[in-house]
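Derivation of every value follows stated rules applied to the coordinates shown; laboratory data play no part. What you are looking at is a predicted structure, and each value in this text was computed from that prediction instead of being measured. FYI the Cβ positions are ideal-geometry reconstructions off the backbone, even for glycines, and counts take in every protein chain you see.
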Ligand code: F6P
């Protein structure tokens, strides 16, 4: 069998572990040939390939990013995009395509399945906001990086008795903020799912200072003040229509300074959360996803995505996986509130 592989959307630690597992199992166990497509959907659109033999995946398990490159190309925004992808796959004799990506990449995978292409999806995103899977790889690494940053920021915040606002990624879902905030002992956590009151935040900050400690406020980039809107770093949108967020941390630090009179600073973690080597957990999860994805392709089980349910890897319909984002439920947020202030 000839299998194509691509990585789309924002990169994420663990992508190379999936690619390695697909190649190792595909080539060694099933006798497949694996072709890498470069830069997400741009690869099959333009016929950009990278051969993936056993040597090509040697030594990539622990490497961050993706050896295939990635992009946010949306073939359904390109004239005749789906037809061009079908033509490329036919020319290359590819029987099945493994698409590793988040909601956008897998949304395209679902549409392509409906258009007759044999696709199997693998869920990735540091945001952990894909439905139908308990966890996505990349999330654990991002949470570790953010937690380490919070631990470091705490000591300097205490030395100077400052309020420190840490802005983490999370456009529509606050999973990174919630987990890193709990793990790092944050005094306030703000997520996109729950609009926040600046007065309430200032109250928690003041209470923390009154106990002679410096507050750490973890805020997801997509968090919004009550009655306000997302803070945008630019007005630009990508080809899936997402605006670029960023700026809520700096804005909030300024508000805290004004209402409490305390010195405050903001740190935006940004792409540091997505870079570098994956944690052991993410390497294992990504490896298992890769092994199961190539088996699904072998079985001709197209239009599916591999997913983690408990400790098992299962196959779910791409339509189910992309139907709805997995956001932080109120009861999970309320657990964290026990530590606010
Ligand atoms: O992939 C998801 C994500 O990490 C979001 O949390 C964030 O808003 C976005 O990527 C930023 O990605 P980029 O700057 O690469 O477009």
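Overview of values
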| quantity | calculated |
| --- | --- |
| Fraction of antiparallel bridges per DSSP, the chain only, in percent to nearest 5 | 30 |
| Computed E for residue 272/residue 91 - FRET, C-beta separation, R0 45 angstrom, nearest 0.05 | 0.65 |
| Full-stretch length increase - residue 156, residue 30 - with 0.36 nm per residue and alpha-carbon distance subtracted | 39.9 nm |
| Rough spin-label spacing in nm, given labels placed 7 Å along Cα→Cβ, for residue 114 and residue 83 | 1.9 |
| Using alpha-carbon coordinates, inclination of helix 198-210 to the longest axis of the chain, degrees | 60 |
| Nearest 10 degrees, 0 to 90: helix 81-91 Cα axis against the chain principal axis | 40 |
| Relative contact order (percent, whole number), the chain, Cα cutoff 8 Å, 6+ residue spacing | 23 |
| Residue-span extension gain [residue 2 to residue 337] - 0.36 nm each, minus C-alpha spacing | 115.5 nm |
| DSSP bridge orientation in region 139-275 - percent antiparallel, rounded to nearest 5 | 10 |
| GNM top mover of 202, 12, 259 - the chain, alpha-carbon springs below 10 Å | 259 |
| Region 279-325, relative contact order in percent, only Cα pairs under 8 angstrom and at least six apart counted | 27 |
| Helical mean residue ellipticity (222 nm; -39500 (n - 2.57) per DSSP H run of 4+; nearest 500) of the chain | -11000 deg cm²/dmol |
| Gyration tensor verdict on the chain (Cα atoms; rounded if a/c is under 1.5, prolate if a/b is larger than b/c, oblate otherwise) | prolate |
| Extension gain (nm, one decimal) between residue 183 and residue 281, 0.36 nm per residue minus Cα-Cα | 33.7 nm |
| Listed residues 140, 11, 151, most fluctuating in the chain (Gaussian network, C-alpha, under 10 Å) | 151 |
| Shape call, region 139-275: gyration tensor on alpha carbons, a/c limit 1.5 | oblate |
| Label-to-label distance, nm, for residues given as residue 330 and residue 236 (7 Å Cα→Cβ offset) | 3.8 |
| With Cα atoms, 0 to 90° folded angle of helix 139-160 axis to the chain main axis | 20 |
| Over region 139-275, relative contact order from alpha-carbon pairs under 8 Å, at least 6 apart, % | 32 |
| Distance between region 155-222 and region 256-327 - C-alpha centres, whole angstrom | 23 |
